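Here the structure is laid out as structure tokens; the discussion comes afterwards.
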Number of protein chains: 2
Amino acid sequence: MVILIAIAVIVALGLAAFNYFGVKKRDAGTPFMKEIAAAIAEGAQAFIILEYKIIAVIAVVIAIVLAILTTPTAAIAFVIGATLSASAGWIGMKIATISNVRVSNEANKSRNISSTLKVAFQGGSVMGLCVAGFALFGLLLVYVVFGLILGQLRMENMNFHANFLGIADIPFTMTVTAYALGCSIIAMFNRVGGGIYTKAADMGADLVGKTEAGIPEDDPRNPATIADNVGDNVGDVAGLGSDLLESYVGSLISAIVLACYMYYHSTKIGTPISASLLQKLITFPLLVAAVGLLASVASVIFLLMSKGSKHPHKDLNKALLIASGATFVASAVLALTMFGGETFPALIGFKLGALSPWVAAVTGIVSGIAIGQLAEYYTSSDYKPTQHIAEASGEGTALTITQGLATGMWSVFYPVIVLALATIIAFSVAGLYGVAMAAMGMLSFVAATVSVDTYGPIADNAGGISEMAHLDKEVREITDKLDSVGNTTAAIGKGFAIGSAAFAALSLFASYLYAQAGSGISSGFELVLNMINTYTLAGALVGAALPYLFSGILIEAVAKAARSMVQEVRRQFKEIPGILTGEARPDYTECITISSKGALREMIAPAFVAVLVPIISGLLFGPAFVGGLLIGTTLSSIMLALFTANAGGAWDNGKKYIEEGHFGGKGSEAHKAGVVGDTVGDPLKDTVGPSLDILIKIMAVISLIMVSVFSKFNLVSLLGL
Amino acid sequence: MVILIAIAVIVALGLAAFNYFGVKKRDAGTPFMKEIAAAIAEGAQAFIILEYKIIAVIAVVIAIVLAILTTPTAAIAFVIGATLSASAGWIGMKIATISNVRVSNEANKSRNISSTLKVAFQGGSVMGLCVAGFALFGLLLVYVVFGLILGQLRMENMNFHANFLGIADIPFTMTVTAYALGCSIIAMFNRVGGGIYTKAADMGADLVGKTEAGIPEDDPRNPATIADNVGDNVGDVAGLGSDLLESYVGSLISAIVLACYMYYHSTKIGTPISASLLQKLITFPLLVAAVGLLASVASVIFLLMSKGSKHPHKDLNKALLIASGATFVASAVLALTMFGGETFPALIGFKLGALSPWVAAVTGIVSGIAIGQLAEYYTSSDYKPTQHIAEASGEGTALTITQGLATGMWSVFYPVIVLALATIIAFSVAGLYGVAMAAMGMLSFVAATVSVDTYGPIADNAGGISEMAHLDKEVREITDKLDSVGNTTAAIGKGFAIGSAAFAALSLFASYLYAQAGSGISSGFELVLNMINTYTLAGALVGAALPYLFSGILIEAVAKAARSMVQEVRRQFKEIPGILTGEARPDYTECITISSKGALREMIAPAFVAVLVPIISGLLFGPAFVGGLLIGTTLSSIMLALFTANAGGAWDNGKKYIEEGHFGGKGSEAHKAGVVGDTVGDPLKDTVGPSLDILIKIMAVISLIMVSVFSKFNLVSLLGL
């Protein structure tokens, strides 16, 4: 078992290293191209170093608190998670800043979309393989060291153990949850910091460049253009990488933790799950992850070795199909081999026998694809919703915004119906464990989806470099085409991100209720969160409001940083003569500094909200309140995440639809309105939406860790209310 | 008891009639003013008649369904509620279209703000008194006829009774709930229809008039200007009137219904509430309403008889202070008299003895005021949030929108904290009944708040008439001042509307759980809605998405109607020469027809969503799903309602702040951006926000009526899932 996982990790990280150096040794083009690429790489590197320094301080504080309040092992697991997540983000950013210029050069030299795609995908695959490889490596480490060697997985340790403060947990669940928290903290900062950075630069560049000065995107005359390209790397690449690593880990541990609590529950009510079945419930998600990773490796190799067609969309779909198909078959075999012949106690709710957890995982995959397709419908210019926004732009900016808001709101309903149905199906097939497996199913071949997701921003950056280096128009057309294909596949990635976040949060939430019940579990026990309990209800109200506060802070942070950028760009246009005629070189560094400082300053507050609100409200109002808080935040975040992502995507593509020549085309009044819509949508879709996915998991994980603390100590029970 | 309520109703409606004819006999000014006023009045009347015809058909269908599924008495109570609510809206609109021109004339003749205020307030008071008077009259009728004469209030009838289909309810709760449904249905259509009408006209007029042609608001050259003024009357007046009547009735009946269910519960668990205490719990909210109404009558008389100052704001505050202060004292006396010496079983949770329900009501009042003050903070140009929006407008339209979205999102958090704390306090003082009384407390002096709320749009309309009739600038200044004072007081009214909706929905929701438990209540019974039940969880997901769908439909409806209006206004400017020079008269009627048709066509879909979703999902997935649906919709709607109302208000006042001369003032680029923000905010704050308040109550009421049906018949239990 351990060996299969170890093989998957080694093969994946080996291929990642191979691809890393494979890309690196390619030619980076002309000296000027290299100069631009170096500027982007340095900007990105400088930002990440500053960011990681800040995070390191915060992480050390959290580790110390964890060591005191829970156990030292939890603190160590937390540090492992944080280190691996940070490394995945770092490597992804590194390879992206190496690949971009090489993609540009390949397009320039070969003028062949297929070979250019391969370079971009080879770069992207490093990130994808590292995300899954590092995450699984860390979990394997935790499993072997703490679970097997230190014995946390021994049956006698599958019980609540009190530390010196009298705070009690099941040791192994605490360890893996702390590991997940480490990943979540990094993801939160990378997403929020990177999201603010990239959108401040993007909005700043667009607001003055496109709207006021009328120069195209990525024009070297725009002082914010390098900052904008740096933003793609720290936001879309490093942010996305740690985000999906966090989702992946969250899904994996939610199934493991739930299995432990269900076992504890089963022993208390006198119908214990057998030791062997428990071990299988714990290892099954890890093994699904391992076969998914191997399937992804196969798909990456296939794409890089295949002859390649002129239709990059088809090639990528083929790769995804290989990864998902192989995972689909292999995990069915796994389920049958592992669970065949077992008897299942009623508690775990395996209604379909050995295939139950597999069916739940497949439900997750199918619903993730359906949500992605719905997102595609609402945000692609091939369909009516986005075309209507473009059409409304002809009547003025106000109607562009209004129509986009309406589309965003509409777009929430059907994906949520899919989620609700999938929850019902996964639960009725395999109980609460099934809900966790649905999340795991979605993300089982995450290495392949992240590879595809990452190659998009690389191609985007390559386009920027081609523009700045004055390469042929044809080069830009190739990178643009690759970028636009990336946008389509990214829609499915987003469906997986939000869907898995919802499922993982729900199963973590079930674990939270088990942990809260703790020693109170008895033969008549039923898992309950009673909404008509006043504290729970009040918690749900506050929880539902929290994502709004969080989003408000984020949007304002972007707007603030973007406004500084606007003023700087305006200042340069005014004070440095000759920029607009191309005679003088703008001061790129100043813009990079503004984005960087703004992002670092503004990323603290929202992260603190996510971390501190569940802790403080737990210490004040107790675990019933926090239970409500979690459910309120989860419900509200799912809606806001879908709304912001789809509204933003629809505005973006509505503008592109106009640029394709509809409703007046480029330069028309409709286009100006479309640009405003796009700019409004930018922080919504690239900062707020993805951060909300993390918010619900980070809150669930922290509450799960802290529930034993505030079950014992809270103001309300202290006052006897 | 009955006599006190009857006196309150007679006095209130008597004063309403007196004020109605008092305003009507005033001089309406010049023939041209009369002509404009007649056009507005005719337009409003024509729309309401068409609207009511459509609603009548729908209401008849609902009444028939109710008669078959539940009881004929419920159907009759439904019709009474619908008729009274429709009448209140009608009379309010009628008096508003009578008052507007007379306010304008009074301002013109007297040039005195105090005497002008009195005319406007006299008109507004007719609406305020009718809302509370009609609502209380209807409830008195239901109470006397069905409760006393037909015996539904007899103790032996406080029990589940099955109809011929085997569907069981407590008869009196069914009757009053059906009465509330009648009020809700009208409120829904009036709010939605009126909201679409007014914003289509407003946006259409602004988009072409202000933005393209550069002519001021209410300019007679704008073909949409009469439609815009008609919209104020059908949306802000008739819509507001039926809305608050619905809120008032919802709060009243939520306490009554809950009292009945708690009594039933107490008998089942063997510690029955005494018959006398039950009667007191049922009549207490009615008596609080009666003293609140009498206090409001006193405040209206005081304002109209007082000498009046130059500060309308102070005069109105004094009136509100009289109404609330008198209610505050009188209801304390009531509580002590009624509940003094009673013993309270643990079930109803009166922790502070006789004063318990009064303290809960006061909690409601205080939190309503706090929410109103917070709304004031976020939306008034006296404070930073709105000033920041104005400042951001200097950097372009995109940042105006972004900053407004951020402000709207920020603005959700603190009001929800207030709601959560108030829920905890009201509950710990007086149990679930306390939560219902908190809603009742907020609305006890609704006659006074609606009088103040209604005078605002009357003053606004008077300003429009002054503009069109080319009266002195000074006249417009007087009406503008009155209008702006109205905006401030309206903020508190909005706080009461959303706060009472939340509390009423929560206590209706508790009744829903009681009704669902029905005959299952036994000695160990605890009221539970278990969020970890999959159907409940899935219901909560769908419920949380529903307000987004509903809002999306509404915004799109407004945008659609507004676009038709834009095209019509553009057509007229182009095809009828001389409009812009003032030589030719635009075709006002065509614009009125467009708004009217658009509103009637578009109001059906959102209303159907509100009514049908709980019924259909109940029949498919059963009562646990609907329980989740209700909690999801309530949570999500509260957030969206606060977000949309405050974002819209902040954009509106941000624009006004620029117009006052900040950041470039009128005509600057900042101003243009501000106008776009205002236009985007219009449907959010005046169509979506208020409709969401109704949505949560209409869904709760329908579910409460239908729960016995789908507890008995639903697909999931039919299939044995």
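Between B:N112 and the same site in the other copies, what are the distances in nm, shortest first, taking label points 7 Å from Cα along the C-beta direction?
Copy-to-copy label distances at B:N112, shortest first: 9.3 nm.
Using 0.36 nm times the number of residues separating A:T337 and A:E212, minus their current alpha carbon distance, what extension gain do you get?
On the way: separation 125, 0.36 × 125 = 45.00 nm, distance 6.44 nm.
Additional length available on full extension: 38.6 nm.
Could I get the Rg over Rh figure for the stretch B:1-88? Both from C-alpha atoms, Rh via Kirkwood, rounded to two places. Please report the intermediate quantities before stating the final value.
Details: Rg = 18.8 Å, Rh = 16.5 Å.
Result: Rg/Rh = 1.14.
Find the accessible area per residue for chain A; the probe is 1.4 Å, ligands and nucleic acids are left out, and the unit is Å². Please list the in-between numbers first.
Working: 21430 Å² over 721 residues.
Solvent-accessible surface per residue comes out at 30 Å².
Between B:K666 and B:R571, what FRET efficiency comes out of the Förster formula 1/(1 + (r/R0)^6) with R0 = 35 Å and r the beta carbon distance, rounded to 0.05? Numbers along the way, then the final one.
Values: r = 28 Å, r/R0 = 0.79.
My answer for the efficiency is 0.80.
Under 20 Å from a point 7 Å along the Cα-to-Cβ line of A:H161: which residues of the stretch A:57-89 have their amide N that close?
Within reach of a label on A:H161: A:63-81.
Compute from the Cα atoms of the stretch A:461-564 the Rg and the Dmax, the latter being the longest Cα-Cα distance, and quote both in angstrom.
Here Rg and the maximum Cα pair distance are 23.8, 74 Å.
So which lysines can A:K24 reach, going by Cα to Cα under 19 Å and dropping same-chain residues fewer than 8 places off?
The reachable lysines, counting only those whose Cα sits under 19 Å from A:K24, are A:K34, A:K94, A:K109, A:K118.
Work out the FRET efficiency for A:E35 and A:V144 from their Cβ-Cβ distance, taking R0 = 45 Å, and round it to the nearest 0.05. Mind dumping the intermediate values first?
Numbers: r = 47 Å, r/R0 = 1.04.
Efficiency at R0 = 45 Å is approximately 0.45.
Which one, B:A96, B:L148, B:N159, projects farthest toward the positive side of the charge dipole computed for the stretch B:80-188 from Cβ point charges (K/R +1, D/E -1)?
Checking the options against the dipole of the stretch B:80-188, the answer is B:A96.
Place the peptides B:89-98, B:7-16 in order of packing, highest mean first, counting for every residue the other Cβ atoms within 10 Å and averaging per peptide. Before the final figure, lay out each step's value.
Working: B:89-98: 25.7, B:7-16: 20.1.
Averaged packing, sorted descending, gives the order B:89-98, B:7-16.
Just tell me which aspartates and glutamates come within less than 13 Å, Cα to Cα, of B:K307; anything on the same chain fewer than 8 places away is out.
Partners found: B:D315.
How far is helix B:31-69 tilted off the main Cα axis of chain B, in degrees rounded to 10, range 0 to 90?
The angle comes out at about 20 degrees.
Quick one: plug the Kirkwood hydrodynamic radius of the stretch A:321-401 (C-alpha pairs) into Stokes-Einstein at 25 °C, 0.890 mPa s, and report D in µm²/s.
152 µm²/s
Take peptide B:547-554, look around each residue's Cβ out to 10 angstrom, count Cβ atoms belonging to other protein chains, and average those counts. Don't jump to the answer; show the numbers that get you there.
On the way: counts 3, 11, 8, 2, 7, 10, 4, 2.
Neighbouring Cβ atoms belonging to other protein chains average 6 per residue here.
Among A:A559, B:L69, B:A319, whose Cα lies farthest out toward the positive end of the dipole of the protein assembly as shown, if unit charges sit on the beta carbon of Lys, Arg (+1) and Asp, Glu (-1)?
The listed residue farthest towards the positive side: B:L69.
When the helices in chain A are scored as -39500 (n - 2.57) per DSSP H run of 4 or longer and the sum is shared across all residues, what 222 nm value do you end up with, to the nearest 500 deg cm²/dmol?
Numbers: 21 runs with 565 residues, N = 721.
Computed ellipticity for chain A at 222 nm equals -28000 deg cm²/dmol.
With the convex hull built on the Cα atoms of the protein assembly as shown, state its orientation-averaged projected area in nm².
Numbers: hull surface 196.4 nm².
If you wrap the Cα atoms of the protein assembly as shown in a convex hull and average its projections, you get 49.1 nm².
What trypsin sites (Lys or Arg not before Pro) does the stretch A:618-703 have in DSSP loop regions with at most 15 other beta carbons within 10 Å? Display every interim value, and only then the final one.
On the way: sites: A:K655, A:K656, A:K666, A:K672, A:K685, A:K697; in loops: A:K666.
The qualifying sites are A:K666.
Apply the Karplus curve 6.51 cos²θ - 1.76 cosθ + 1.60, θ = phi - 60°, to the phi angles in the stretch B:81-90 and return the couplings in whole Hz, x for Gly and Pro.
x, 4, 5, 5, 5, 4, 5, 4, x, 4
Could you calculate, for the stretch B:212-336, the ratio of the Cα radius of gyration to the Kirkwood radius, expressed as Rg to Rh?
Rounded to two decimals, Rg/Rh equals 1.20.
Count neighbours as other Cβ atoms within 10 Å of each site's Cβ, and list the chymotrypsin sites (Phe, Trp or Tyr not before Pro) in the stretch B:207-286 that are DSSP loop with at most 12 such neighbours. Each step should come with its number before you reach the end.
Details: sites: B:Y248, B:Y261, B:Y263, B:Y264; in loops: none.
Listed in order of number, the matching sites amount to none.
Under the rule of at least 5 residues apart or a separate chain, name every residue whose amide H is placed under 5 Å from the amide H of A:I273.
Close amide H contacts, sequence-distant or interchain: A:S266, A:T267.
I'd like to know which of B:T400, B:L352, B:G364 lies farthest towards the positive end of the charge dipole of the stretch B:274-419, counting +1 on Cβ of Lys and Arg and -1 on Cβ of Asp and Glu.
B:L352
Which net charge results for the neighbourhood of B:S242, defined as the other residues with beta-carbon distances under 14 angstrom from its beta-carbon, given Lys and Arg at +1 and Asp and Glu at -1? Can you show the working numbers first?
Working: positive: B:K94, B:R191, B:K697; negative: B:E51, B:D236, B:D243, B:E246, B:D453, B:D693.
With Lys, Arg at +1 and Asp, Glu at -1, the net is -3.
Please compute the Cα-Cα pair-distance distribution of the stretch A:93-158 with 5 Å bins starting at 0, giving whole percents from short to long.
4, 16, 16, 12, 10, 8, 7, 7, 7, 6, 4, 2, 1
Compute for chains A and B the buried accessible surface, both sides summed, probe 1.4 Å, and express it in Å² to the nearest 100. Provide the component values of the computation, followed by the final result.
Values: alone 24780 and 24830 Å², together 42900 Å².
Heavy-atom accessible area buried at this interface is about 6700 Å².
More than 41 Å apart: what percent of Cα pairs in chain B qualify? The partial results should precede the final answer.
Values: 65699 of 259560 pairs.
Taking all Cα-Cα pairs of chain B, the fraction more than 41 Å apart is 25 percent.
Treating the beta-carbon of each Lys and Arg as +1 and of each Asp and Glu as -1, no other charges, what is the dipole magnitude of the protein assembly as shown about its Cα centre, to the nearest 20 debye? Before the final figure, lay out each step's value.
Numbers: 84 positive and 96 negative charges, 421 e Å.
Dipole magnitude for the protein assembly as shown comes out near 2020 debye.
Taking every alpha carbon pair in the stretch A:572-668, what does the distance histogram look like in 10 angstrom bins from 0, in percent?
12, 18, 24, 24, 13, 8, 1
Sorted by mean Cβ packing within 10 Å, highest first, what order do the peptides A:476-485, A:208-217, B:435-444 take?
Numbers: A:476-485: 21.4, A:208-217: 16.6, B:435-444: 34.5.
Top of the packing list down: B:435-444, A:476-485, A:208-217.
For the stretch B:517-546, state which residues have at least 50 Å² less accessible area in the presence of all protein chains than in their chain by itself, taking the probe as 1.4 Å and leaving out ligands, DNA and RNA.
B:N530, B:M531, B:I532, B:T534, B:L537, B:L541, B:V542, B:A545
Over the stretch B:367-409, what number does the Rg to Rh ratio reach, with both radii from the alpha-carbon atoms and Rh per Kirkwood?
Values: Rg = 11.4 Å, Rh = 10.7 Å.
When Rh is taken as the Kirkwood radius, the ratio is 1.07.
Counting only residues 5 or more places away or on other chains, whose amide H sits under 5 Å from the amide H of A:K666 once H atoms are built in the peptide plane?
A:G661
Which of the trypsin sites (Lys or Arg not before Pro) found in the stretch A:307-361 are in a DSSP loop and have at most 11 neighbouring Cβ atoms, other than their own, within 10 Å?
A:K307, A:K310
Could you sort out which of A:K210/B:K666; B:K210/B:K481; B:K53/B:K481; A:K481/A:K672; A:K672/B:K685 sit more than 29 Å apart by Cα distance in this structure? Let's see the in-between values first.
Numbers: A:K210/B:K666 25 Å; B:K210/B:K481 21 Å; B:K53/B:K481 37 Å; A:K481/A:K672 23 Å; A:K672/B:K685 26 Å.
The answer is B:K53/B:K481.
What does the structure give for B:407-420 when I average, per residue, the other chain Cβ atoms found within 10 Å of the residue Cβ? Could you put the intermediate results ahead of the total?
On the way: counts 3, 4, 13, 7, 3, 9, 9, 2, 2, 10, 5, 1, 4, 17.
Counting Cβ atoms of other protein chains within 10 Å of each residue's Cβ and averaging gives 6.
Using only the alpha-carbon atoms, how far is helix B:473-517 inclined from the longest principal axis of chain B? Give it as 0 to 90 degrees, nearest 10.
So the inclination is approximately 20 degrees.
Need one number for the stretch A:401-549: average projected area of the convex hull over its C-alpha atoms, nm².
Numbers: hull surface 55.3 nm².
Convex hull of Cα atoms, orientation-averaged projection: 13.8 nm².
Using a label point 7 angstrom from Cα along Cα-to-C-beta, what distances in nm, from shortest up, separate B:Q567 from the other copies?
4.5
Setting aside same-chain residues fewer than 8 positions from B:K280, which aspartates and glutamates have a Cα under 19 Å from its Cα?
Once the sequence-local aspartates and glutamates are set aside, what remains near B:K280 is B:E156, B:E342.
For a quick protection proxy, order the peptides A:176-184, B:605-613 by their average other-Cβ count within 10 Å, most packed first.
On the way: A:176-184: 31.6, B:605-613: 19.6.
Highest mean packing first, the order is A:176-184, B:605-613.
What percent do you get for the relative contact order of the stretch A:255-318 when only Cα pairs under 8 Å and 6+ apart count?
Working: 25 pairs, mean separation 17.0, N = 64.
It comes to 27 percent, rounded to a whole number.
Using a label point 7 angstrom from Cα along Cα-to-C-beta, what distances in nm, from shortest up, separate A:V61 from the other copies?
6.0
Go through the stretch A:578-586 residue by residue and turn each phi into a ³J(HN,Hα) via Karplus (6.51, -1.76, 1.60, θ = phi - 60°); whole Hz please, and just put x for glycine and proline.
x, 5, 6, 8, x, 7, 10, 8, x
Evaluate peptide B:558-569: per residue, the Cβ atoms of other protein chains within 10 Å of its Cβ; return the mean as an integer.
Values: counts 2, 11, 5, 0, 5, 8, 0, 0, 4, 1, 0, 0.
Per-residue shielding by partner chains comes out at 3.
Using a Förster distance of 41 Å, how high is the FRET efficiency between A:L718 and B:A6, based on the Cβ-Cβ distance and rounded to 0.05? Intermediate values should be presented prior to the final figure.
Details: r = 51 Å, r/R0 = 1.23.
Given R0 = 41 Å and the Cβ-Cβ separation, E is 0.20.
With +1 on each Lys and Arg Cβ and -1 on each Asp and Glu Cβ, how big is the dipole of the stretch B:251-373 about its Cα centre, in debye rounded to the nearest 20? Mind dumping the intermediate values first?
Details: 7 positive and 2 negative charges, 55 e Å.
About 260 debye.
The values are calculated or read from the model by the stated rules, or taken from the named source; none is laboratory data. The structure displayed is predicted, hence computed values, not measured ones. Don't worry about glycine lacking a Cβ; one is built from the backbone with ideal geometry, like all the others, and counts go over all protein chains shown. When the accessible area is computed, the model is the full protein with side chains, heavy atoms only, and any ligands, DNA or RNA have been set aside. Shrake-Rupley method; radii C 1.70, N 1.55, O 1.52, S 1.80 Å.
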